[in-house]
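The values are calculated or read from the model by the stated rules, or taken from the named source; none is laboratory data. Note that the structure is a prediction, hence the values are computed from the model and not measured. Neighbour counts are summed over all protein chains in view; Cβ atoms, including those assigned to glycine, are modelled from backbone coordinates with ideal geometry.
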């Protein structure tokens, strides 16, 4: 009964006269394919991992951001959206397809979806987990302009054979110094998955970055 | 089960790979966190699977969350592809995921294993899924999880070193031969599952993704590629792996892990590779090029 009463409130969310964008065409195999890409991205940080399928993403999400959300988020994962992500059709799209609670506090978010990285809150404002449960930390999904056109950085750590050269564009100037502070919390700390267009790049907390 | 049945996720009453999508998402999130904290045991909502605890329910859940229609699955038990546990798990995934299976380590994209790491070196992108009975390396020292969790939190691993020292005091050497504890990424003490210590060095700097699932204990952990995995030891009693005087009776290998087989009632025995794919491949190579084999063995 409650389902019926909540349904009409879902409908009018089609903002700007356009209807809600669809989710995965094939929820099982699309989610599996995108998860496998995110597994590879997390296991081999610093590599550009393209998705082998594309999606009609809601503004302001890129296809990779949208696909990652559909793959990993559900009612168990309170998520925080930055202001730009809240402004578009993405918030209602996420609520509908993932059924997730969108929250205002960064400190309790399991996921944070960032489409405007220049206005990213400082990394210590997100959940860094507990010392006995370091897995209970925020995973940040940060949508960036480019993986190759930004300032050069050198990554080392588990999953990287020797070192990886990465040039992510559009991050705030303090990002890599905050990342150093994040590594000092280890095994606590936040993890990041960068998205750009239709590709992913993982940055787990174990990775040391020389900017 | 009948041959030729095309199972897909829409018609047989089961979702693709048996688990429902929400369960897969939960396991997938745990897997990503496990890779982010190498060796740390991530609690997960382990589901009841259609086989008993102790038969690989954790490994199956991890495999089910990772596997896709394009994968090639290999399942081994003690290195062998044709043992009961391996055959039934392989058949399970053929039934619920209609996935291609193989016995070749080279061809496989996902290898689910009980108690061995294949002899053939793994490659980037391959996923090795371990079935883990007891994920907590400190469990025999401290049965309370409230305590072991603190020991992991503060890297208090002296008690494990003392246990190994007691071996040295009693026997003159570290007597542990399987499930040999290792420090991953210089931080977390990890049970490598009951693999022989012979396999411990293969975990270090392995190009493949190593995932561990413990179904009864509901824990997932991981070793990312190219990660340090240091087996515990002492300066004056360094870590050593098992060695054998002989070679495999079937393929002649002197570098693989050998099982001792009793062949009659009078104590006759022989040693054979525990990794059946490795042994069969070598036998096939030897059969096709007998001269090369002789030359290779002299070298």
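Can you name the residue in the range A:183-203 that is assigned to a loop (DSSP other than H, G, I, E, B) and within 20 Å of residue A:107 (Cβ to Cβ) and is also farthest from the other protein chains (Cβ to nearest Cβ) among such residues?
This residue is A:185.
Consider residue B:64 carefully, then state whether it is touching a strand residue (DSSP E or B) at 6+ places or on another chain (Cβ under 8 Å), modelled with pLDDT under 95 and over 22 Å from residue B:196 (Cβ atoms). Working first, answer last.
Details: touching a strand residue (DSSP E or B) at 6+ places or on another chain (Cβ under 8 Å): yes; modelled with pLDDT under 95: no; over 22 Å from residue B:196 (Cβ atoms): yes.
In short, no.
With respect to (1) within 14 Å of chain A (Cβ to nearest Cβ); (2) farther than 25 Å from residue A:41 by Cα, the lone exception for residue B:178 is condition (1).
Checking the structure you have, find out if any residue of the range A:143-166 is under 18 Å from the mean Cα position of the chain (by Cα) and within 9 Å of chain B (Cβ to nearest Cβ). Within the range A:143-166, none of the residues are under 18 Å from the mean Cα position of the chain (by Cα) and within 9 Å of chain B (Cβ to nearest Cβ). Within the range B:167-197, can you find the residues that are in a helix (DSSP H, G or I) and either more than 19 Å from the chain's Cα centre (by Cα) or buried (at least 22 other Cβ atoms within 10 Å of the Cβ) (or both)? Matches in the range B:167-197: B:167, B:168, B:169, B:170, B:171.
Of the residues making up the range B:219-250, those that are touching a strand residue (DSSP E or B) at 6+ places or on another chain (Cβ under 6 Å), part of a loop (DSSP other than H, G, I, E, B) and either at pLDDT below 95 or surrounded by fewer than 21 Cβ atoms within 10 Å (Cβ to Cβ) (or both) number 5.
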